[in-house]
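Trainee: Would you mind keeping the following structure in view while I ask a few things?
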Amino acid sequence: MSLLEIENLSLTIGEAPILKDIDLSISAGEVMGLVGESGSGKSMTALTVMKLLPHAARAKGRVVFDGIDIVAAPEAAMCRLRGDDIGMVFQEPMTALNPVKTIGEQVAEGIRWHTGANRPDAEARARAMLERVGLPEKQFPLTRYPHELSGGQRQRVVIAIACALKPKLLIADEPTTALDVVLQAQILDLLRDLVDENRMSLLLISHDLAVVTEMADRTTIMRHGQVMEAGETARTLTEKVHPYTRRLAEASTHVPERAKPADSGPGETLLNVEGVTRDYPIRRASLFSTQHSFRAVDDVSFSLARGQSMALVGRSGCGKSTLARMILALDRPTGGSIRFEGERLENKSEGELRPARRHMQVVFQDPYGSFNPRHKVERLVAEPLHLLDEKPDRARRRELVAEALEEVGLSAADMEKYPHEFSGGQRQRISIARAVITRPKLIVADEPVSALDVSIRAQILDLFADLNRRLKVAYLVITHDLTVARAITDRVMVMHEGKIVEEGDTNTVFDRPETETAKALVAAAPDLDRALRMRLARVSGG
Amino acid sequence: MTAYLAKRLAVGLATLFVASLVVFSVLEILPGDPARIMLGMNASPEALDALRSQMGLDRPVVLRYLDWLTGMATGDFGRSYTYSSPVVELVAERVAVSLPLAVMALTLSTAIAIPVGIFAAARRGRLSDTLAMGAAQVGVAIPNFWFAMLLVYVFAVGFRLLPAGGFPGWGEGWGGLWQGFKALLLPAVSLALPQAAILARVTRSAMLEVLGEDYIRTARAKGLPRRAVLWRHALRNALIPVLTILGLQFAFLLAGTIIIENVFYLPGLGRLIFQAISQRDLIVVEGVVMLLVASIIVVNLLVDICYAVADPRLRTGR
């Protein structure tokens, strides 16, 4: 008898069909992985189980949890279930906690509500639960507010809230997507331990096949609101019976074809960074205390050759983005020098930087946030053209935009459209078109594919590799995702607390990491093949 | 928290100083000679000079500014040119009307608007929400003097329940207090109406914004019913923008009520400042303006303290 049984579940929001005939069941103590790309209906399935759907949503079908018919259950019955027998953990830990309440209040609240315990008892249980998720009272008293905790710590609090009453089912909706790989591994470990301790069932929603393979006994793969395939994780992902499963698996391990770095030989130096340091002043505790500073980037030196592709990897907060901002001359170093094509950047005025700016462009993570929604693509892509010495006239400008759009696999006619008319992947292509229009020699890409679905991500990685080959543009790719680094870069630098701790050939460093930082990153990075091998070994071993 | 408050207080004092400079210099630059206004256009130059030196107007500007500043610091705001009585007394008389009026109007508007705003947000899109917001729309649109006349017509002329205008003073004992209260009731209601309408809309939209936040979903996932989520999690977060508007409204109510004061023949601050300006009674204008600046600074300080109470992120000074 399953703990949760979903049969023929269909869901519409207004007129739009969201879910079609979903079947899914989870038995006690089982981990079920729910995989799919954005818009596939994963989260809506979870919210149907919690009955926390948007107003206009109508569910049809059978959803039975522990003998209770959820579709028909009245709100009061659902309030008794939520937080007691079913807990839920969400994707974004930074916003999942109420900023004006202490973590103690927020964990104890559910306990008091469901058990009727008095405040001291509820707080004692909250204390024990926070301790269990790795927030011992000594460092994290109940009186802490969410803003005093980091993202990983906040996610632990959310897990403590969800698991405080030892639920029979925990639903975790992309619980680690917003965290760096090392934190991700820690949170997944914690979830696995909680499952084992209490014979809790876990519905783990993720877009990451590797994460699901590591965690889930069985996996359900969804697409366009329908279940494509479901079954035991190891078998489903090794046999790949369903073509969509095969496509997903291929896309998530996709490596674009690239010329061997040895072919091009050690080229002429494009970018040379020497002894760069960046300090940020820390707020003084009082007017009379001495001014302290925080060293975000600490004595970093490296050089990048023309056409070379380099990755900069490290945990969040290690100084990757600060370094990138200084290279782009958006921020000035406290010490050291940055030379681009032999010219020093760090002491130039904005006007003197123009020629350099033209030759280095940037691609950001979020293809939604980096465009003005009221401008047409023509204007968006043409933006960097003001850096050219000779301003092109309108006809020439349109020509250049059309060229750039075709370069990235869009058509010239797309310049008449607005950004909202494109999908996420297409928008990332537009931002790449904007970056290549001035024919730059260097593109700095800050997590260029981490907001994209795996299949689109594979296409964008191909595009990066292709532009590197055709336009001989050099890359500095900032990422916490080692698969991305492997896919499109020749060399890698591992950064830790502002310092470059390891540097070398990308595959060599990831196959044989030498420093603790690199080892930790490699060990924590989800890897589909490795996870599958381990799962198969476990299955055959007993 | 103390650092936060100390900083706010320092900013407040600096503002007060800058305001005093601005007020003094603006009135210094403006045309119009108080001595001539007091003596009329036909006064002889000798008489004018005599009066000027008597009022100290012939002394250097810097000295007069310093005198004025030290005077205010010791509670001496000077003497009015037209009323020939100390500014402090004039102002105190008027504040006894304006301050209670402002407090009454604000209490009334808050008591109506915040529950209506919360209610409308909780029932978003339903008939009750549409009706409440429709009423708020009407409340914003109705000019308050017209609404005031309507109130007078119904409650003073029609039912003869409340006085149509004037202010008898606060009198002796509970009876006197009641008379004063009755005189201020209709003005307070007419001032509160548009304020309440704006406040209800702000409360509703602040609540709606907060209800869309992730932590509301977390609270619901804990098993809290909708109502508990509304009161325990949403309200305190929604209060910040509401507090901002409240602070602004109070500042307006203290001295921006000249039209309502005229409709009800109330001797309030608004009328005092209007008369003082038209008679070039500079010393009164300066005194009242400084008082208003000070009270707005105090209100802002109170609002800042409320912010810090409502939002722990502000306490650490970030």
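Every number here is computed from the coordinates shown, using simple stated rules; none is lab data. Bear in mind that the values here come from a model prediction, so they are computed numbers and not experimental data. Neighbour counts are summed over all protein chains in view; Cβ atoms, including those assigned to glycine, are modelled from backbone coordinates with ideal geometry.
Trainee: Can you give me the distance in nm between label points at A:GLU232 and B:LEU99, each placed 7 Å from the Cα along the Cα-to-Cβ direction?
Mentor: Here the answer is 8.2 nm between the modelled labels.
Trainee: With a Förster radius of 25 Å, plug the Cβ-Cβ distance of A:ALA124 and A:ARG199 into 1/(1 + (r/R0)^6) and report the FRET value to the nearest 0.05. Let's see the in-between values first.
Mentor: Numbers: r = 24 Å, r/R0 = 0.96.
Calculated transfer efficiency: 0.55.
Trainee: Right, next: Where does each of B:LEU131, A:LEU204, B:LEU211 land when they are ranked from fewest to most other beta-carbon atoms within 10 angstrom?
Mentor: Fewest-to-most ranking of B:LEU131, A:LEU204, B:LEU211: B:LEU131, B:LEU211, A:LEU204.
Trainee: Right, here's the next one. If you average over every viewing direction, what projected area does the convex hull of the Cα atoms of the protein assembly as shown give, in nm²?
Mentor: Taking a quarter of the hull surface, the average projection is 49.1 nm².
Trainee: List every DSSP H helix in chain B whose Cα atoms extend 24 Å or more along the helix's own long axis and whose mean Kyte-Doolittle hydropathy is at least -1.0.
Mentor: What comes out of the filter, once short or polar helices are dropped, is B:2-29, B:87-122, B:173-211, B:235-255, B:282-310.
Trainee: Step through the residues of the stretch A:63-72 one at a time and calculate ³J(HN,Hα) from phi using the Karplus curve (6.51 cos²θ - 1.76 cosθ + 1.60, θ = phi - 60°), rounding each to whole Hz and writing x for Gly and Pro.
Mentor: Karplus values, whole Hz, x for Gly and Pro: 10, 10, 10, 6, x, 9, 7, 5, 4, 8.
Trainee: If you don't mind, there's one more thing I want to ask. What are the principal axis extents of the Cα atoms in the stretch A:300-380, in Å, biggest first?
Mentor: 40, 34, 27
Trainee: Out of the DSSP beta bridges found with both residues in chain A, what percent are antiparallel (nearest 5)?
Mentor: So the antiparallel bridges in chain A amount to around 55 percent.
Trainee: In whole angstrom, how far apart do the alpha carbon centroids of the stretch A:68-106 and the stretch B:217-264 sit?
Mentor: Taking the Cα centre of the stretch B:217-264 as reference, the centre of the stretch A:68-106 is 26 Å away.
Trainee: Report, as a whole number in µm² per second, the diffusion coefficient that Stokes-Einstein gives for the stretch B:1-125 at 20 °C and 1.002 mPa s using the Kirkwood radius over alpha carbon pairs.
Mentor: 112
Trainee: Using a/c under 1.5 as the rounded threshold, could you call the stretch B:2-73 rounded, prolate or oblate? The axes a ≥ b ≥ c are square roots of the C-alpha gyration tensor eigenvalues, and prolate needs a/b larger than b/c, oblate otherwise.
Mentor: prolate
Trainee: Once you sort the root eigenvalues of the Cα gyration tensor of the stretch A:338-493 as a ≥ b ≥ c, which label holds: rounded (a/c under 1.5), prolate (a/b larger than b/c) or oblate (the other case)?
Mentor: oblate
Trainee: Out of the stretch A:410-481, which trypsin sites (Lys or Arg not before Pro) are coil in DSSP terms and have no more than 15 other C-beta atoms within 10 Å?
Mentor: Answer in residue order: A:LYS417, A:LYS472.
Trainee: Compute the projected area of the convex hull of the Cα atoms of the stretch B:185-288, averaged over all viewing directions, and report it in nm² to one decimal place. Mind dumping the intermediate values first?
Mentor: On the way: hull surface 34.4 nm².
That works out to 8.6 nm².
Trainee: For B:SER44, A:SER316, B:SER190, what's the fewest-to-most ordering of other Cβ within 10 Å of each Cβ?
Mentor: B:SER44, A:SER316, B:SER190
Trainee: Can you list the residues, at least 5 places off or on another chain, whose amide H is less than 5 Å from the amide H of A:GLY314, using H built in the peptide plane?
Mentor: Under 5 Å from the amide H of A:GLY314 lie the amide H atoms of A:THR479, A:MET495, each far enough along the sequence or on another chain.
Trainee: Quick check on chain A: helices-only [θ] at 222 nm, where DSSP H runs of length 4 and up contribute -39,500 (n - 2.57) each and the sum goes over total residues. Nearest 500, please. Please report the intermediate quantities before stating the final value.
Mentor: Numbers: 20 runs with 207 residues, N = 542.
Here the helix-only value at 222 nm equals -11500 deg cm²/dmol.
Trainee: Another question, if that's okay. Pick out, from B:TYR307, B:LEU291, A:SER411, the residue whose Cα sits farthest towards the positive end of the charge dipole of the protein assembly as shown, with +1 on the Cβ of Lys and Arg and -1 on the Cβ of Asp and Glu.
Mentor: The one lying farthest along the dipole's positive direction is B:LEU291.
Trainee: Can you give the relative contact order of the stretch A:17-124 as a percent, counting alpha carbon pairs under 8 Å and 6+ residues apart?
Mentor: Numbers: 51 pairs, mean separation 15.3, N = 108.
Here the relative contact order equals 14 percent.
Trainee: Within the stretch B:245-262, which residues have the backbone N less than 20 Å from the label spot 7 Å out from B:VAL309 along Cα→beta-carbon, could you tell me?
Mentor: B:245-251
Trainee: With a Förster radius of 30 Å, plug the Cβ-Cβ distance of B:ARG64 and B:SER85 into 1/(1 + (r/R0)^6) and report the FRET value to the nearest 0.05.
Mentor: 0.90
Trainee: Also, I was wondering about something else. Write down the Å³ per residue value for the convex hull defined by the alpha carbon atoms of the stretch B:215-274.
Mentor: 97
Trainee: OK, next. Mind listing which GluC sites (Glu not before Pro) in the stretch A:335-402 are in a DSSP loop and have 12 or fewer other Cβ atoms within 10 Å?
Mentor: A:GLU390
Trainee: Roughly speaking, what is the centre-to-centre gap between the stretch B:54-74 and the stretch A:288-321 when only Cα atoms are used, to the nearest Å?
Mentor: The stretch B:54-74 and the stretch A:288-321 have Cα centres separated by 60 Å.
Trainee: Tell me the Rg and the Dmax, in Å, that the Cα atoms of the stretch A:466-512 produce.
Mentor: 11.5, 36
Trainee: What nm distance separates the two modelled labels at A:ARG247 and A:ASN347, each placed 7 Å from Cα along Cα→Cβ?
Mentor: Calculated label separation equals 5.7 nm.
Trainee: May I pose another question? Holding the Cα-Cα limit at 21 Å, pick out from A:LYS20/A:LYS42; A:LYS168/B:LYS222; A:LYS20/A:LYS60; A:LYS42/A:LYS376 the pairs that are longer than that.
Mentor: Details: A:LYS20/A:LYS42 12 Å; A:LYS168/B:LYS222 14 Å; A:LYS20/A:LYS60 10 Å; A:LYS42/A:LYS376 33 Å.
Exceeds cut-off: A:LYS42/A:LYS376.
Trainee: Sticking with this one: Relative contact order of chain B: what whole-number percent is it, with Cα pairs under 8 angstrom and at least 6 residues apart?
Mentor: Numbers: 345 pairs, mean separation 87.1, N = 318.
This gives 27 percent for chain B.
Trainee: Give the long-range amide H neighbours of A:LEU476: residues separated by 5 or more places, or on another chain, with amide H under 5 Å away, using H modelled in the peptide plane at 1.01 Å from N.
Mentor: Residues meeting the amide H criterion: A:MET310, A:ILE443, A:VAL444, A:ALA445.
Trainee: Then there's this: Suppose the chain between B:LYS182 and B:ALA73 were pulled fully straight at 0.36 nm per residue; how much longer would it get relative to their current alpha carbon spacing? Spell out each step's value before the answer.
Mentor: Details: separation 109, 0.36 × 109 = 39.24 nm, distance 3.56 nm.
Length difference between fully extended and current span is 35.7 nm.
Trainee: In the stretch B:219-318, what chymotrypsin sites (Phe, Trp or Tyr not before Pro) fall in a loop by DSSP, with at most 16 other Cβ atoms inside 10 Å?
Mentor: Listed in order of number, the matching sites are B:TYR265.
Trainee: Please give the direction-averaged projected area of the C-alpha convex hull for the stretch A:1-148, in square nanometres with one decimal.
Mentor: With every direction weighted equally, the projected area is 10.5 nm².
Trainee: Sequence gap at least 6, Cα distance under 8 Å: using those rules, report the relative contact order of chain A to the nearest whole percent.
Mentor: Normalised by residue count, the contact order of chain A is 15 percent.
Trainee: A further question follows. Just want the ordering: A:LEU353, B:LEU5, from fewest to most Cβ atoms lying within 10 Å of their own Cβ.
Mentor: B:LEU5, A:LEU353
Trainee: Moving on. So what's the angle, to the nearest 10 degrees on a 0 to 90 scale, between helix A:103-115 and the longest Cα principal axis of chain A?
Mentor: That helix lies at roughly 20 degrees to the long axis.
Trainee: Here is a follow-up. Explain nothing, just the number: dipole magnitude of the protein assembly as shown about its Cα centre with +1 on each Lys and Arg Cβ and -1 on each Asp and Glu Cβ, in debye rounded to the nearest 20.
Mentor: Working: 99 positive and 95 negative charges, 234 e Å.
Once rounded to the nearest 20, the dipole reads 1120 debye.
Trainee: For peptide B:225-238, what's the mean number of Cβ atoms from other chains within 10 Å of each residue's Cβ?
Mentor: For peptide B:225-238, the averaged partner shielding equals 2.
Trainee: Same structure, new question: Could you work out how far the C-alpha centroid of the stretch A:364-424 sits from that of the stretch A:1-60, in angstrom?
Mentor: Distance between centres, Cα-based: 39 Å.
Trainee: Related question: Amide H neighbours of B:LEU224 under 5 Å, at least 5 residues apart or on other chains, H built in the peptide plane: list them.
Mentor: none
Trainee: Full extension from B:LEU131 to B:VAL11: what is 0.36 nm times the residue separation minus their Cα-Cα distance, to one decimal in nm?
Mentor: This chain segment gains 38.9 nm when fully extended.
Trainee: Once you charge only the Cβ atoms, +1 for Lys and Arg and -1 for Asp and Glu, what is the size of the charge dipole of chain B about its Cα centre, to the nearest 20 debye?
Mentor: 1940
Trainee: So what's the convex hull volume per residue for the Cα atoms of the stretch B:94-315, in Å³?
Mentor: 154
Trainee: Note the full-extension length gain between B:SER44 and B:VAL26 as 0.36 nm times their separation in residues minus their Cα-Cα distance, in nm to one decimal.
Mentor: The span from B:SER44 to B:VAL26 would gain 3.7 nm if fully extended.
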